[in-house]
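Take a look at the structure below.
The values are calculated or read from the model by the stated rules, or taken from the named source; none is laboratory data. Only a predicted model underlies this, so the values are computations on that prediction, with no experimental measurement involved. Positions of Cβ are generated from backbone atoms using ideal geometry, with glycine treated the same way; all protein chains shown enter the neighbour counts. Heavy atoms of the whole protein, side chains included, go into the accessibility calculation; ligands, DNA and RNA do not. Shrake-Rupley method; radii C 1.70, N 1.55, O 1.52, S 1.80 Å.
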Amino acid sequence: MLVGKIVGHIVSTRKNEKLVGSKIMEVQLIENEELKNKFIVALDSVGAGIGERVLITTGCSARLAMPDQTAPTDAVIVGIVD
Amino acid sequence: MLVGKIVGHIVSTRKNEKLVGSKIMEVQLIENEELKNKFIVALDSVGAGIGERVLITTGCSARLAMPDQTAPTDAVIVGIVD
Amino acid sequence: MLVGKIVGHIVSTRKNEKLVGSKIMEVQLIENEELKNKFIVALDSVGAGIGERVLITTGCSARLAMPDQTAPTDAVIVGIVD
Amino acid sequence: MLVGKIVGHIVSTRKNEKLVGSKIMEVQLIENEELKNKFIVALDSVGAGIGERVLITTGCSARLAMPDQTAPTDAVIVGIVD
Amino acid sequence: MLVGKIVGHIVSTRKNEKLVGSKIMEVQLIENEELKNKFIVALDSVGAGIGERVLITTGCSARLAMPDQTAPTDAVIVGIVD
């Protein structure tokens, strides 16, 4: 799993129908409490916003956190770090 | 998930029968709004063309975006970025 | 699989309900018996604590080590290295 | 997915029984039409030979291209690039 | 898939019960016939020993090579290279 800070929001009007309604976030990774020059794009499942530090699950288990578990995603925000 | 710009088109006449009919795109990755020297090959599922910025799902969830969900692919274009 | 040393503990009050009750650990990777400048975040399934050297499974097989195998995680601590 | 050039052939007499009969190829990756100093080992499913440029699927979808879809592989050659 | 040389053996007394009885090996990767400064930890399924060159499957297909296919592992030695 990854920890990162949400730094942006990606807008896609034309996309797979199972992704409609999900916010698509760009997240800058944090390792050992330092922001790194690494980025990932993830769907939000917990109502997180820009600037928040979040926990991300990647790979084929990520979609288990989505309301529709057949959504074609490989990265989902599954928690907000306190 | 990844964001990138489509930079090319790969042609393969002899391929797995479940890949027949899919456009195979080469995509240059964009991180934090900058083009990077990183590339990925992905199938198109949304009618994207060269020069467009797209959203890509990788790994074993990628094929959930294909008409035939048993297609042997690990990267599919699932949206066009506005 | 990966070997690493637990270096921290991540707290997330607002998270996916299937992650409630799991300790979220930050682990520094060890390769060839040397600590590396690489980190991963993993759920604990064996009662490991800070400072211990552990074995981690990543990807979609990781959740097979969790009590609820549908937990949306991609990295789980599956053993303590002697 | 990846594109690469087959540069070698790996021989393994003692192996998992579901891998018997599959050619095991070493492939040098091509990104943006340039050969890179990156290599992957993949099973062949299309009759490709040394020197050919091929399309590779990785991860758990790779085995969908094998005659026996329960073969324990994470990389399969699924097409020959024209 | 990966090719590497077994360089060590990891001992874990306290581990997931489905991993009990499997040898846990540290493997140094070989790419294009050169040993690299990259390491992976994998379970053995073919009776390989230290010093042998082996073929490894990673990701969620790896456990298909294990006697218990629900073992929580992401890397298994599936062949010995001749």
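Selection of first residues in the range B:12-36 that are under 16 Å from residue A:26 (Cβ atoms) and of second residues that are among the acidic types (Asp, Glu), restricted to Cβ pairs under 9 Å at least 6 apart or on distinct chains, gives the following pairs, ordered by first then second residue: B:31/A:26; B:32/A:26; B:33/A:26.
Quick one: would you say residue D:41 is among the β-branched types (Val, Ile, Thr) and in a strand (DSSP E or B)? Against the criterion (among the β-branched types (Val, Ile, Thr) and in a strand (DSSP E or B)), residue D:41 qualifies. Can you find even one residue in the range A:53-74 that is touching a residue at least 40 places away in the same chain (Cβ under 8 Å), surrounded by fewer than 21 Cβ atoms within 10 Å (Cβ to Cβ), closer than 21 Å to residue B:33 by Cα and not charged (D, E, K, R)? Within the range A:53-74, none of the residues are touching a residue at least 40 places away in the same chain (Cβ under 8 Å), surrounded by fewer than 21 Cβ atoms within 10 Å (Cβ to Cβ), closer than 21 Å to residue B:33 by Cα and not charged (D, E, K, R). One residue stands out among those in the range A:44-65 that are of a type outside the set (S, T, N, Q) and part of a helix (DSSP H, G or I): the one that is nearest to residue C:28 (Cα to Cα), which is A:59. Just one of the listed residues (C:11, C:27) is hydrophobic (A, V, I, L, M, F, W, C) and farther than 18 Å from residue E:41 by Cβ, and it is C:11.
Quickly run through the range C:53-75 and pick out the residues that are within 7 Å of another protein chain (Cβ to nearest Cβ) and under 10 Å from the mean Cα position of the chain (by Cα).
If the condition is that a residue be within 7 Å of another protein chain (Cβ to nearest Cβ) and under 10 Å from the mean Cα position of the chain (by Cα), then C:55, C:57, C:58, C:62, C:73, C:74, C:75 are the ones that fit.
Out of A:47, A:21, A:79, one residue alone is more than 10 Å from chain B (Cβ to nearest Cβ), within 11 Å of the chain's Cα centre (by Cα) and open to solvent by 40 Å² or more (accessible area, probe 1.4 Å). It is A:47.
Would you check if residue A:35 is part of a helix (DSSP H, G or I), open to solvent by 20 Å² or more (accessible area, probe 1.4 Å) and within 12 Å of chain B (Cβ to nearest Cβ)?
On the way: part of a helix (DSSP H, G or I): no; open to solvent by 20 Å² or more (accessible area, probe 1.4 Å): yes; within 12 Å of chain B (Cβ to nearest Cβ): yes.
Criteria not met by residue A:35.
Within the range C:7-18, being within 7 Å of chain A (Cβ to nearest Cβ), buried (at least 16 other Cβ atoms within 10 Å of the Cβ) and outside any strand (DSSP E or B) holds for C:12, C:16. Can you confirm whether residue E:27 is away from chain C (no Cβ under 12 Å) and β-branched (Val, Ile, Thr)? No, not satisfied.
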